[in-house]
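The values are calculated or read from the model by the stated rules, or taken from the named source; none is laboratory data. Keep in mind it's a predicted model, so treat the numbers as computed, not measured. Positions of Cβ are backbone-derived with ideal geometry, glycine not excepted, and every protein chain shown enters the neighbour counts. Just the protein is used for accessible areas: all its heavy atoms, side chains included, with ligands, DNA and RNA removed. Shrake-Rupley method; radii C 1.70, N 1.55, O 1.52, S 1.80 Å.
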Amino acid sequence: MFTALFGSVEQGIIYAIMALGVYLTFRVLDFPDLTVDGSFVTGAATAAMMIVLGYHPILATLVAIVAGFIAGCMTGLLHTKGKINPLLSGILMMIALWSINLRIMGLTADNTIGRSNIPLLNEETIFTKFYAFWSNLGIDDALNNMLASMGIAPVPATWGILLVVIIITVIIKLIVDWFLKTEVGLAIRATGDNKRMIRSFSANTDRLIILGLGISNALVAFSGALIAQYAKYADIGLGIGMIVIGLASVIIGEAIFGTKTIFRTTLAVVVGAIIYRIIYAIALRIDWLDTGDMKLITAVIVILALVIPQIVNKRKQQKSKAKRLAERGGQPLA
């Protein structure tokens, strides 16, 4: 059980980067961007393709980020210049990326144009390179011996991956916090709140929307590239339902921690992604649930994350109203 939860935390921290991208579009820009399901795979496919072709994993990951940025910008162009509905522009780009991703992965094959998956079992990734350094420190043995003495078994193979994903995600979170407080970031936030107002200050909202979508999908692709290297494969189906997972992470985090400040909100999104993966892992360990129920579990988690905060808020309002009535001697409020 411990190793299952440990793996869920590792994955949750990586998916948190994707959730931050979803937060930028759905909460900051108020743009229902479904490109996420495609750009996540674009990041995974690009990184895996370049790693198989012999490029350094860091360079492959950076190129994956650029590919995601371009995909997001294309969605923005479809909406702003093509005057296509936001939801439809995301769907169109998501559909287009399915074929594009097949062709990206097909670059590693000699006898076919498209390819649905790329294994990375024998390839060098960011995590294997870090592990080569980490394994010489002896920290894994010390931590695992401590857990064994506490009666916790089995223990994780390494703690190094957890450390590196925490460092990466914290850096990304702080960069997002900083960006949203810059002049451009504030303009993007204002565009999501009130386009007409920001236009009255001569701001180009079209460019801001395109930039915001580009940055969002760059984060999503970055998460996809890391997941591919973590799971040791890239697959065309990796992105299915990714937008729901991102929204679930945002909703769960906001319900628990609130949204008073940018720092607190982005922290809530990160923690929400981790909580989602933990709930997911626990649900899959229930005897009468099967791996085929994964999408059902996801739907139930999102529904609960949406409904429970509303019930809690309603109860708080009722208690507050009852308290005010009691203070006024039972007289109805005017």
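Rounded to whole Å, the principal axis extents of the Cα atoms in segment 143-296 read 64, 35, 30, largest first.
Please find the FRET efficiency linking Leu289 to Asn122, where r is the Cβ-Cβ separation and R0 is fixed at 30 Å, and quote it to the nearest 0.05.
With R0 = 30 Å, the Cβ-Cβ based efficiency is 0.35.
Using a 1.4 Å probe on the protein heavy atoms, what percent of the accessible area of the chain belongs to carbon and sulfur? Carbon with sulfur: 65 percent of the solvent-accessible area.
Cα centroids of segment 259-334 and segment 1-56: 24 Å apart. Excluding residues on the same chain fewer than 8 positions from Lys81, give the lysines whose Cα lies under 24 Å from its Cα. The qualifying lysines are Lys195.
In whole angstrom, note down how far apart the Cα centers of segment 151-216 and segment 57-98 are. Distance between centres, Cα-based: 17 Å.
Annotation: lysines with alpha-carbon distance below 22 angstrom to Lys321 (same-chain offsets under eight excluded): none found. Loop-resident chymotrypsin sites (Phe, Trp or Tyr not before Pro) (DSSP state other than H, G, I, E or B) in segment 242-291 with no more than 14 further Cβ atoms inside 10 Å of their Cβ: Trp288.
Each peptide in 238-244, 207-213 gets a packing score, the mean of other Cβ atoms within 10 Å over its residues, and the list from highest to lowest is 207-213, 238-244. Once the Kirkwood radius over Cα pairs is known for segment 42-118, the Stokes-Einstein relation at 37 °C and 0.692 mPa s delivers a diffusion coefficient of 249 µm²/s. Projecting the Cα atoms of Leu143, Thr108, Ala218 onto the charge dipole of the chain, computed from C-beta unit charges around the Cα centre, puts Ala218 farthest toward the positive end. When peptides 44-51, 316-323 are ranked by their average number of other Cβ atoms within 10 Å per residue, the highest-first order is 44-51, 316-323.
Accessible area per residue for the chain, computed on protein heavy atoms with a 1.4 Å probe, is 51 Å². Each Lys and Arg Cβ is given +1 and each Asp and Glu Cβ -1; about its Cα centre, the chain then shows a dipole of about 1780 debye.
Each of the peptides 179-189, 140-150, 100-110 was scored by the mean count of other Cβ atoms within 10 Å over its residues; in descending order, highest first, they stand as 100-110, 179-189, 140-150.
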